[in-house]
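Trainee: Here it is: the structure, laid out below.
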Amino acid sequence: MASKTVEHEKLSVKQIAKAIDAPEAFTAKILQVLSKHKVLSSLKGPYGGFFIEPYQLERPVINIVNAVDGLAVFKECGLGLKQCSENHPCPMHNEYKLVRDKLLTTFEETTIAKLVSTLNEGAAYVNNLIGKRA
């Protein structure tokens, strides 16, 4: 969807679900959540659909993670232990914390525009979506 921003193209749930090979109902729910969190935009009606506005491309990927799953994964124990903390670490705490913190930083520093650029360069793909080859 973000790669269609330049063309001002709006996509239907059906088009998006097909492109990412996901069930329509699931896709619709995710799109509603992302729209509610202003990660993407939507318009109803015959010329409506889902789309990403240029300013939304500059938002970090962490906004998507937060909208869909929340940020608890970046605070939780890698083994799922409730009592794990800096003062009472589990056996995986220090190693998991390094990876978890790096992933958080990556999501905070990577914009949606960067993902689109990688896709358009052909350096990555998303299921049925194929980036523009140079």
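Trainee: Please list, or write none, the lysines whose alpha carbon is within less than 24 Å of the alpha carbon of K14, excluding same-chain residues fewer than 8 places away.
Mentor: Once the sequence-local lysines are set aside, what remains near K14 is K4, K29, K36, K38, K44, K132.
Trainee: Let me spell out the model: positive unit charges on the Cβ of Lys and Arg, negative unit charges on the Cβ of Asp and Glu, origin at the Cα centre of the chain. What dipole size does that give, in debye rounded to 20?
Mentor: Computed about the Cα centre, the dipole is about 360 debye.
Trainee: On a C-alpha basis, how far is the centre of region 5-56 from the centre of region 58-93 in Å? Whole number, if you could?
Mentor: 28
Trainee: Provide Rg over Rh for the chain; use the alpha carbon set for both Rg and the Kirkwood Rh (inverse mean inverse pair distance).
Mentor: Using Cα coordinates only, the ratio equals 1.06.
Trainee: Suppose only helical runs count, i.e. DSSP H with n ≥ 4. What mean residue ellipticity at 222 nm does that imply for the chain under -39500 (n - 2.57) per run, divided by all residues and rounded to the nearest 500 deg cm²/dmol?
Mentor: Here the helix-only value at 222 nm equals -13000 deg cm²/dmol.
Trainee: Now a separate question. Mind telling me which of L43, L81, L34 comes out most flexible in a GNM of the chain, alpha-carbon contacts under 10 Å?
Mentor: L81
Trainee: Count the net charge of all other residues whose Cβ sits under 11 Å from the Cβ of C84, scoring Lys and Arg as +1 and Asp and Glu as -1.
Mentor: +1
Every number here is computed from the coordinates shown, using simple stated rules; none is lab data. Note that the structure is predicted; figures quoted are calculated from it, not measured. No Cβ is skipped: glycine too gets one built from the backbone with ideal geometry, and neighbour counts run over all protein chains shown.
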